[in-house]
């Protein structure tokens, strides 16, 4: 699962808005932006950790002289050791981290919702916001297969190509 840097703010805003709308959270109006930044920090940390795991896995593949196809397996092993959610487990990991930060944040006046209520509200937002259409993703990756995944060039070209594909299919936001 990919979390795009430019989507972090809107995702955090959606989560906080939904929690406030459901009256699961009480936040002073002046602190709302800070709460959104708290939620955004979880998403940023996910991106950072995911990138670090990818880099470590690539380094291990290279050091061991393994085929590149082993990278995902090694990354999954590293993630399991750190209890970090990848793939299907990413949503659950993110929801858990968001729940923890809301409970610990000085910017949140009160958390009224039970854990399962908050999970019920946050998980669908993350699934909707972070779900990349697999067919679009595959098409983009085919077009930029000459670039190494995880590099800045790959990220930039991936975004550019994804936007072109979405426009061509009439899927622009």
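Computed from the coordinates by the stated procedures, all read-outs in this text should not be read as laboratory data. Please read all numbers here as calculations on a predicted model, not as lab measurements. We place every Cβ from the backbone using ideal geometry, glycine too, and count neighbours over all the protein chains shown.
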*Prolate/oblate/rounded call for segment 1-68, Cα gyration tensor, a/c under 1.5 rounded*: prolate
*What is the spin-label model distance, in nm, from residue 47 to residue 21 if the labels are put 7 Å beyond Cα along the C-beta direction?*
2.4
*Can you sort 161, 56 by how many other beta carbons sit within 10 Å, fewest first?*
56, 161
*Fewest to most neighbouring Cβ within 10 Å: what's the order for 165, 140?*
165, 140
*To the nearest 500 deg cm²/dmol, what mean residue ellipticity at 222 nm is calculated for the chain from DSSP H runs of n ≥ 4 alone, each contributing -39,500 (n - 2.57), summed and divided by the residues?*
-23000 deg cm²/dmol
*Cα-based helix-to-principal-axis angle, 89-104 vs the chain, degrees rounded to 10*: 40
_Helix 152-168 against the longest principal axis of the chain: what's the angle in degrees, Cα atoms only, rounded to the nearest 10?_
80
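For segment 91-167, just say rounded, prolate or oblate: build the C-alpha gyration tensor, square-root its eigenvalues into a ≥ b ≥ c, call rounded for a/c under 1.5, and beyond that prolate if a/b exceeds b/c, oblate if not. Could the numbers behind the result be given before it?
On the way: a/c = 3.59, a/b = 2.52, b/c = 1.42.
Prolate shape, in that a/c is at least 1.5 and a/b is the bigger ratio.
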*For 72, 116, what ranking results if the residue with the fewest other Cβ atoms within 10 Å of its Cβ goes first?*
116, 72
